[in-house]
Amino acid sequence: MAKTVLITGASSGFGEACAHHFAAAGWRIIICARRKPRIEALAKKLSAQTDVLAEVLDVTQRQAVAQFVEQLPNDWRSIDVLVNNAGLALGLDPAQQANLDDWDTMVDTNIKGLNYMTRAVLPLMVTQNRGHIINIGSIAGSYAYPGGNAYGATKAYVQQFSRNLRADLIGRPIRVTNVEPGLAETEFSVVRFQGDVEKAQAVYSGTHPLFADDIARTVVWATQQPPHVNINSIEVMPTCQAWGPLAVAKDMPEPE
Ligand code: NDP
Ligand code: 8X3
């Protein structure tokens, strides 16, 4: 029987690309996201290649996530891989000016949504004694940058949660991987800048960023390793991106 992957946030970017790559490799696909027309259009495309189950789902809705997994049809309950990809950054303002609602939304989506989905699917994996959870973290979870404040902190959570899942799952054939991309051109910056396409494009102009396919290939690769091999984390940057020096402020005013 073909393997099954459940991908959250499959209506664009990495999630959508993962759906295409897994479908091309013969996997059965469960896709979910909030935008119904996008999810339906993707399901239609993929169904030419494989079996697809599509669901409109907001991962921040705890009850809805639990119900969705509980009510999966019997022939869709055997999930081999969960890709916890749904997520977003909102704003790039310094912490003292940031919008607190944006911080809440990032925590609700990137942390709590990932928790809800993991907690719903993991018991199925434990019962079937097989599974792989792939979390989409970020380099922002390891390296601080101005304006990264709450977003980076949510991805630091994803990093440590991924490691702690491995600690809990010791002795079981269930793998956990945290994929940590750097600069990647998707709808990420359009969302971050609340629909300001010009501002979003400026982020990537003059660069050769990662694209969604690069991350989808990485995700699929992690699943293709022999069962005794667990890729704990993969940090992926475009060649044009690297670290800068630590910031040092000169001639700082003394506190009053
Ligand atoms: P996109 O904006 O292209 O995709 C984000 C996806 O998440 C969309 O499908 C969106 O679908 C979904 N999503 C957002 N909120 C929710 C929600 N509450 N419930 C369900 N789905 C939701 O961005 P990316 O593909 O770039 O982002 C995917 C992941 O990769 C995110 O976790 C992001 O933080 C991470 N990442 C991105 C990087 C980048 O530079 N692009 C780098 C490092 C990590 P919908 O709106 O239809 O619900
Ligand atoms: C997305 C990468 O550097 O914009 O997680 O935070 S970055």
Lone unmet requirement of (1) surrounded by fewer than 17 Cβ atoms within 10 Å (Cβ to Cβ); (2) in contact with a Phe, Trp or Tyr (Cβ under 9 Å, 6 or more places away or on another chain); (3) in a helix (DSSP H, G or I) for Trp243: (3)
Tabulated pairs, segment 121-150, first surrounded by fewer than 21 Cβ atoms within 10 Å (Cβ to Cβ), second at pLDDT below 95 and in a strand (DSSP E or B), C-beta under 6 angstrom, 6+ apart or interchain: none
Residue, nearest to ligand 1 (Cβ to nearest atom), within segment 8-38, restricted to residues that are buried (at least 22 other Cβ atoms within 10 Å of the Cβ) and charged (D, E, K, R): Glu16
Scope segment 11-29; condition in contact with a strand residue (DSSP E or B) (Cβ under 7 Å, 6 or more places away or on another chain) and part of a helix (DSSP H, G or I); matching residues: Phe14, Gly15, Cys18, Ala19, Phe22, Ala23
Those residues of segment 166-199 which are touching a residue at least 24 places away in the same chain (Cβ under 8 Å) and over 21 Å from the mean Cα position of the chain (by Cα), in sequence order: Arg172, Pro173
Residues satisfying the stated conditions in segment 212-224, i.e. free of Cβ contacts under 8 Å to residues at least 60 places away in the same chain and closer than 19 Å to Thr239 by Cβ: Asp214, Thr218, Trp221
Condition broken by Ser162, with the remaining ones in (1) farther than 21 Å from Arg119 by Cβ; (2) in contact with a strand residue (DSSP E or B) (Cβ under 9 Å, 6 or more places away or on another chain); (3) of a type in the set (Gly, Ala, Ser) satisfied: (1)
All positions within segment 1-19 that are closer than 16 Å to Leu53 by Cβ and either within 16 Å of ligand 2 (Cβ to nearest atom) or within 18 Å of the chain's Cα centre (by Cα) (or both): Thr4, Val5, Leu6, Ile7, Thr8, Gly9, Ala10, Ser11, Gly15, Glu16, Cys18, Ala19
Answer residue from segment 151-165, given it is in contact (Cβ under 8 Å) with a residue 24 or more places away in the chain and closer than 30 Å to Pro227 by Cβ and is farthest from ligand 2 (Cβ to nearest atom) among those: Leu165
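The values are calculated or read from the model by the stated rules, or taken from the named source; none is laboratory data. Keep in mind that this is a model prediction, so the values were computed, not measured. Backbone-built Cβ (ideal geometry, glycine too); neighbour counts: all protein chains shown.
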